[in-house]
Amino acid sequence: MVHGSAQGSQVGGDHHFSAQKALADRGWQVIVPDRPGHGRSPDPGRPDDAEADAEWVVELLGDGAHLVGHSFGGCVALAAAARCPSAVYSLTLIEPGMQKLAISHPAVKRLVLKMVMAIVFSMSAAARAKRFAKLVGIPDAIRGGSTSGELKQMGRGIARLKVPSKEILQRELSDIQRANIPLLVVTGGWSPAFEATADAVAAAGNGRRLVIKAEHHFPQLVSDEFNRVLAEFMQQSDAERTAGLLDK
């Protein structure tokens with residue numbers, strides 16, 4: 001499970017996916033690392049970069065696993081799946097930060113403009129982190145920034161963030177579609193911009209769409225519904241993969 005957020009945050013993946021601990025009780029091996037420069041992972045000496053982080057995720061996949069990515073972590077997970085499709089049993093994206101795919105949609109265009117204004121016109125790095133978190137619906141308890149120093153680091157991380165281009169996202173979604181990787185795209189229904197983005201992602205990757213009602217950017221945390229849906233999706237993907245291997 002690959003989390004989002006900005007470099008400099010001391011909040012790791014275990015907080016972003018805290019409700020998914022229940023999946024381990026149901027027999028799944030759940031791996032929730034801290035991305036480079038986040039939580040307990042050291043600063044990699046570079047900005048948040050989906051393509052660079054994807055190399056790190058591919059190493060964690062080993063012989064194969066189901067892959068989940070949230071927010072910017074969705075960009076990372078997609079890049080990893082496109083890079084090593086044989087090791088990805090299924091791909092689940094939660095409110096992926098792929099607005100460039102749907103930039104022509106009015107709600108997405110408004111959100112992206114507000115993001116740019118927050119990055120460029122904030123009075124300080126700490127103010128940038130707070131404005132950005134509010135725009136994308138990150139609850140204070142998960143945002144990070146318990147100290148002014150941490151907020152400054154996060155604000156600087158946001159300003160340096162390397163977001164994949166529309167062309168890269170389209171190519172990677174085409175790659176996973178050709179590889180027949182089952183795709184599930186989940187949102188919380190709270191933001192028209194994230195809904196439109198997820199619709200575009202699911203359409204480009206021939207994926208399934210699901211809304212789990214939430215008042216913020218973390219539908220995986222509001223109830224056990226996400227866990228139930230994800231477990232069913234992974235089990236179905238496993239069954240289809242096994243049937244395909246038997247046919248060969």
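Things to note:
- One residue alone among Gly45, Gly62, Gly74, Gly97 is farther than 23 Å from Gln10 by Cα and either open to solvent by 40 Å² or more (accessible area, probe 1.4 Å) or modelled with pLDDT of 95 or more (or both), and that residue is Gly62.
- Residue match in segment 109-129 (condition: aliphatic (A, V, I, L, M), touching a residue at least 60 places away in the same chain (Cβ under 8 Å), assigned to a loop (DSSP other than H, G, I, E, B) and open to solvent by 40 Å² or more (accessible area, probe 1.4 Å)): no
- Condition met for Ala54 (open to solvent by less than 20 Å² (accessible area, probe 1.4 Å), at pLDDT 95 or above and in contact with a Cys (Cβ under 6 Å, 6 or more places away or on another chain)): no
- Counted residues, segment 181-227 - those being open to solvent by 50 Å² or more (accessible area, probe 1.4 Å) and in contact with a Ser or Thr (Cβ under 7 Å, 6 or more places away or on another chain): 1
- If you go through segment 83-94 and keep only what is open to solvent by less than 20 Å² (accessible area, probe 1.4 Å) and either more than 21 Å from Arg209 (Cα to Cα) or touching a Lys or Arg at 6+ places or on another chain (Cβ under 6 Å) (or both), you end up with just Ala87.
- Look at segment 83-102: where a residue is on the phi > 0 side of the Ramachandran plot and a partner is of a type in the set (Phe, Trp, Tyr) and open to solvent by less than 10 Å² (accessible area, probe 1.4 Å), sitting 6+ places away or on another chain with Cβ atoms under 9 Å, you get Glu95/Phe194; Glu95/Phe218.
- Here Gln170 meets the list (1) farther than 17 Å from His105 by Cβ; (2) among the polar types (S, T, N, Q); (3) open to solvent by 40 Å² or more (accessible area, probe 1.4 Å) almost entirely, failing just condition (1).
The values are calculated or read from the model by the stated rules, or taken from the named source; none is laboratory data. These numbers were taken from a predicted model, which means no experiment stands behind them. Positions of Cβ are generated from backbone atoms using ideal geometry, with glycine treated the same way; all protein chains shown enter the neighbour counts. Quick note on the areas: whole protein, heavy atoms, side chains included, nothing else; ligands and nucleic acids left out. Shrake-Rupley method; radii C 1.70, N 1.55, O 1.52, S 1.80 Å.
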